[in-house]
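The values are calculated or read from the model by the stated rules, or taken from the named source; none is laboratory data. Note that the structure is predicted; figures quoted are calculated from it, not measured. Here Cβ is always computed from backbone atoms with ideal geometry, including for glycine, and neighbour counts include all displayed protein chains.
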Amino acid sequence: MALLVAGSLLAGCAGGSGGSTKGAGTADGRASRQTGSPSHSASPGTGATPSDGSNAASGFTPDAALVPRTSKDARRLVDSVVLAPSDWGRGFVAQNPAKSTPGTWAVLDGSCRWQRERLPHGVLASVSRYSRLPGAGGKGTVKVTATATVHASVLGADEQLSTTLEEVLRCPEQQPRTDERITGLMSLGTAFGAREQQYADDYVLEDGAYVEKGGGIQPYRWTVARLGTVVVAVSVTGAKGYTQPELDQLGAGALAQMLTRIQQQLKGK
């Protein structure tokens, strides 16, 4: 059920964003230096206390005793939630590097370049793992990222999704690395209906085109979901020989896996 809902949301958001493709960026666990108050129509923080992680929107209420309150507990949670290469499917292997630097997350600076910086106050832990499916049989290499971030409060987690929506307005073209660009970026937030509210408290999709060194262009999609104080994100970089529905299914399945793991870790007995 989680996979089906994730897939329907992904497809729905793709239509709303005009169907544009986006590039294989490496910006993950992302935040902006120029954050603002939440401006999207969905209000996933409503009714939740700042730190318990509960939210009526998703239909899931975590055991308050299990919600991470310390960096140590948060690191344990993200390590158990973020997908390893084998979790993506047969043939996936680790990229180099395979994992983000501990105690950091990616920040979009004033020049629209992605930099890794120390975790700010209010973010307990964040980790990203980078995997790839090597090209074979005439197909190219698909690159993927899975990220989980634990905030000290629901408001902090909600702000991360708000920032994801707003940063593309400031930077429709972004630079994940010196010789790489993400262009034509668009973002879309989703207000949930009764069925989708079983899936997550909030959801954002970002779409554009990833320009590789040498001028090659590949589809890219970055999807982010919040469940209580935990934010999970998935990026999928397309490659020759893969259709957009295939890439969408890959991303939706990964996001659903991580949300399921959060519920398994935080649900009461």
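Table for the structure above
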item	result
Neighbours by Cβ (under 9 Å, 6+ apart or cross-chain): first from the stretch 210-221, without any contact (Cβ under 8 Å) to a residue 40 or more places away in the chain and surrounded by fewer than 22 Cβ atoms within 10 Å (Cβ to Cβ); second charged (D, E, K, R) and not in a loop (DSSP other than H, G, I, E, B)	Lys213/Arg177; Lys213/Glu180
Residue within the stretch 82-95 that is at pLDDT 95 or above, of a type in the set (Ser, Thr, Tyr) and either out of contact with any helix residue (DSSP H, G or I) (no Cβ under 7 Å at 6 or more places or on another chain) or in a loop (DSSP other than H, G, I, E, B) (or both) present	yes
Residue within the stretch 149-171 that is modelled with pLDDT of 90 or more, touching a Cys at 6+ places or on another chain (Cβ under 9 Å), more than 30 Å from Arg69 (Cα to Cα) and not aromatic (Phe, Trp, Tyr) present	yes
Hits in the stretch 242-253 (condition: surrounded by fewer than 19 Cβ atoms within 10 Å (Cβ to Cβ) and either within 16 Å of Ala84 (Cβ to Cβ) or in contact with a Ser or Thr (Cβ under 9 Å, 6 or more places away or on another chain) (or both))	Gln244
Residue among Lys240, Lys269 that is in a loop (DSSP other than H, G, I, E, B), at pLDDT 90 or above and either touching a helix residue (DSSP H, G or I) at 6+ places or on another chain (Cβ under 7 Å) or farther than 17 Å from Arg129 by Cα (or both)	Lys240
From the options Ala225, Ala233, Ala256, residue that is buried (at least 19 other Cβ atoms within 10 Å of the Cβ) and part of a helix (DSSP H, G or I)	Ala256
Condition check for Arg261: surrounded by 17 or more Cβ atoms within 10 Å (Cβ to Cβ), basic (Lys, Arg) and out of contact with any Asp or Glu (no Cβ under 7 Å at 6 or more places or on another chain)	yes
Qualifying position, being under 21 Å from Arg76 (Cβ atoms) and within 15 Å of the chain's Cα centre (by Cα), among Ser162, Ser187, Ser126	Ser126
Strands (runs of 3 or more DSSP E) completely within the stretch 121-217 that count 2 or more residues being of a type in the set (Asp, Glu)	202-211
Failed item, numbered, when Asp158 is tested on (1) free of Cβ contacts under 8 Å to residues at least 60 places away in the same chain; (2) buried (at least 16 other Cβ atoms within 10 Å of the Cβ); (3) of a type in the set (D, E, K, R)	(1)
Residue that is more than 30 Å from Pro68 (Cβ to Cβ), surrounded by fewer than 19 Cβ atoms within 10 Å (Cβ to Cβ) and without any contact (Cβ under 8 Å) to a residue 12 or more places away in the chain, where the choices are Arg113, Arg90	Arg90
